[in-house]
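Each remark here refers to the structure printed beneath this line.
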Amino acid sequence: MKFTKTDKKQVLKFIAIGDSVTKNLTIYEYGEDIIAVDFGIGFPEGDDHGVDYIVPDMTYLLENSHKVKGLFISHAHADHFAAVPHLLQQLNVPIYANRLTQEYIKLQFNEKQFKNLKNETQFHLFNASTEPIQLGAFKVSAFNVNHSVPGSLGIAIDTPEGTVLHLADYKIDESPVIDSVIDLKKIEEYGNKGVLCMASDCLGSKTPGFVGTESSLNETFPDLFRQFPNEQLFITTISSNISRMHQIIGAAIDAGRKVVPVGRSIDQSIKIARSLGYLPYGEDAFLDVKKAFEKNQKDIVYMIAGCFGQQGSSLSRVSTGEHARVTLNPGGIVIFSSEPNPPGVDVDVEVVIDNVILRGGEVIDHRDRDDLHVSGHGHKDDLLKVASLAKPKYFIPIGGSINHIHSYTKMVEKIGVKQHQVFELLEGDVVEFSDGDARKGKRLEINDILIDGKSLDPIVVKDREKLATDGLFAVIVPVSSETRKVMGKVDVVTRGFVYVKESKELMGKSKDLVNKILNKSGNTVTDWSNVKHKIEKDLQKFLKKETGRHPLVMAHSIFV
Ligand SMILES: [Zn+2]
């Protein structure tokens, strides 16, 4: 019997792989076709035990690799694109993105581990001016939205089940500094034609009003330069906020100061933004950091990386006097033009601020004046306006914590949306659309990939956790290299576990336990890995019982 399309009912699947705020990845599947939107990195929460960043689980994409037609990137923020090279190493999928995002991804190919991707990757230009792209069952087009990086896109996906609007991070900015205004008309057009579902940013769903325009900061920097004509000045902002850099550089030129980029991310962003025409300034607007110390400090302004207090960042090193080229002078002023309470890193920011003050510097941040930063995420009125224009049948709030997601539901309920029309998703959740209806599908199990330079096994992270909280307990067994007989006394070494002098008894008992195991094997170690395993397992149990703690236990044999 020949199957036709109607024999087996296809459904449209929306699969949320990424977690709430960062590490964005959404998969759309219909029959034999898959497209993905965004592939960004996440950041470890709390004690990271050396994990640099997190890559979304790509199992589903790899298992269904024959279906995957393309990856679309909404905008040039690391939590939306920076995991792309990790995917490309395993799956050569075409990338659809604007020029700015493409340039940032290509920068990552300079890293040794991704060098091979340079020539292999197929980039396709994707922005509000490009023609719709047909990939299997999906027809994908883009329209402009506003955000804290220029060229951010809303994505419209026509599917056999209806149109889905995917609006990752966005806001309404009626007078952006270097960007086009969000295409509300286009959103309204889609709304009038009928939208099945809208996935919408929800990070600002708890904050009333409109978020406001980036150009409300136009006077901030000229004012600061006037206020401090003779001081050494540092301004720190996130390197992807090109319109902010535009405002700072413009004001610096007017004030007769040259801009000194400090930090790789700032340096690279300026280079890319200049090459794409976002920053219309010549070479003479800038000064190399190597020459900055020769200059009278009132003639320059440092634009420095590290606004989130990241350890090892340029600002962090300047604040502790450890930067090789830049020194904070007494009375020097550090201005934070950045997110006031960045989630997860507010403590790090305070450390940097304290260090600046301890070195005799001054800090100006959001507590001193409220015109140093505007968020790139729409507040309630931005989100409601877009929702009321798009009029989707179903809503999926994305890009926020559970709290933000739920607040989005409450918010749209006020404009008549019923609870069953909003899907509050956790990572791995699936929504299935068929015949105009939607329901939750079977949830996928998600396992993040942890990166510290290279992929990191979860066991390594567990070991680091144990080391950090309960220390190390090492057993050394001397063994004859010829006869494999145990020769001499078993030794025990601990670090960060207990104070040895006060725990002689515990050490003694531990050695007894090890000796007992060795006795059982006739004091001969022919199969060390077996004996090692037994020692480590029994000791872990014993130490847990005696002390209630879980140190990292290691047994080692040394040849004597
Ligand atoms: Zn963003």
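Numbers at a glance
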item	result
Test: residue in region 302-316 that is touching a residue at least 60 places away in the same chain (Cβ under 8 Å), over 25 Å from the mean Cα position of the chain (by Cα) and over 21 Å from LEU107 (Cα atoms)	yes
Verdict on ALA251 being at pLDDT below 95 and over 21 Å from the mean Cα position of the chain (by Cα)	no
Strands (runs of 3 or more DSSP E) wholly inside region 104-203 that include at least 2 residues being within 16 Å of the ligand (Cβ to nearest atom) and modelled with pLDDT of 95 or more	138-144, 153-159, 162-167, 197-201
Per-region count, region 513-540, residues open to solvent by 70 Å² or more (accessible area, probe 1.4 Å), in a helix (DSSP H, G or I) and more than 24 Å from THR469 (Cα to Cα)	5
Condition check for ASP158: outside the structural domain of GLN247 (by TED's automatic domain parsing) and open to solvent by 30 Å² or more (accessible area, probe 1.4 Å)	yes
Region 326-338, residues that are out of contact with any Gly (no Cβ under 8 Å at 6 or more places or on another chain) and modelled with pLDDT of 95 or more	VAL326, ILE335, PHE336, SER337
Of the criteria (1) touching a residue at least 40 places away in the same chain (Cβ under 8 Å); (2) over 23 Å from the mean Cα position of the chain (by Cα), which one GLU120 fails	(1)
Search result, residues across region 60-84 that are modelled with pLDDT under 95 and either of a type in the set (Asp, Glu) or more than 16 Å from the ligand (Cβ to nearest atom) (or both)	ASP79
Residue match in region 63-72 (condition: open to solvent by 30 Å² or more (accessible area, probe 1.4 Å) and either among the basic types (Lys, Arg) or closer than 23 Å to VAL21 by Cβ (or both))	yes
Among the residues listed as LEU543, LEU506, LEU467, the single one being touching a Gly at 6+ places or on another chain (Cβ under 8 Å), modelled with pLDDT under 90 and either open to solvent by less than 40 Å² (accessible area, probe 1.4 Å) or of a type outside the set (Val, Ile, Thr) (or both)	LEU467
Options PRO229, PRO340; residue that is over 26 Å from GLN108 (Cβ atoms), free of Cβ contacts under 8 Å to residues at least 40 places away in the same chain and either surrounded by 14 or more Cβ atoms within 10 Å (Cβ to Cβ) or not charged (D, E, K, R) (or both)	PRO340
Complete set of residues in region 379-432 that are within 16 Å of the ligand (Cβ to nearest atom) and of a type in the set (Ser, Thr, Tyr)	SER401
Residues within region 289-337 that are open to solvent by less than 70 Å² (accessible area, probe 1.4 Å), assigned to a helix (DSSP H, G or I) and either of a type in the set (Asp, Glu) or touching a Ser or Thr at 6+ places or on another chain (Cβ under 7 Å) (or both), tallied	2
In region 250-265, residue most open to solvent (accessible area, probe 1.4 Å) [restricted to those that are assigned to a helix (DSSP H, G or I) and in contact (Cβ under 8 Å) with a residue 40 or more places away in the chain]	ARG264
Top-ranked residue in region 35-59 [being more than 22 Å from ASP169 (Cα to Cα) and either at pLDDT below 90 or in a strand (DSSP E or B) (or both); ranked as most open to solvent (accessible area, probe 1.4 Å)]	ASP47
Of the criteria (1) in contact (Cβ under 8 Å) with a residue 12 or more places away in the chain; (2) loosely packed, with under 15 Cβ neighbours inside 10 Å, which one SER148 fails	(2)
Which numbered condition ASP354 fails, given (1) outside the structural domain of HIS77 (by TED's automatic domain parsing); (2) under 24 Å from the mean Cα position of the chain (by Cα)	(2)
Residue count, region 431-464 (criterion: modelled with pLDDT of 70 or more and among the small types (Gly, Ala, Ser))	4
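The values are calculated or read from the model by the stated rules, or taken from the named source; none is laboratory data. Because the structure is a prediction, the values reported are computed rather than measured. When we count neighbours, we look across all protein chains shown, and the Cβ atoms used for this are built from the backbone with ideal geometry, even at glycine. Protein only, heavy atoms only, side chains kept; ligands, DNA and RNA dropped before computing areas. Shrake-Rupley method; radii C 1.70, N 1.55, O 1.52, S 1.80 Å.
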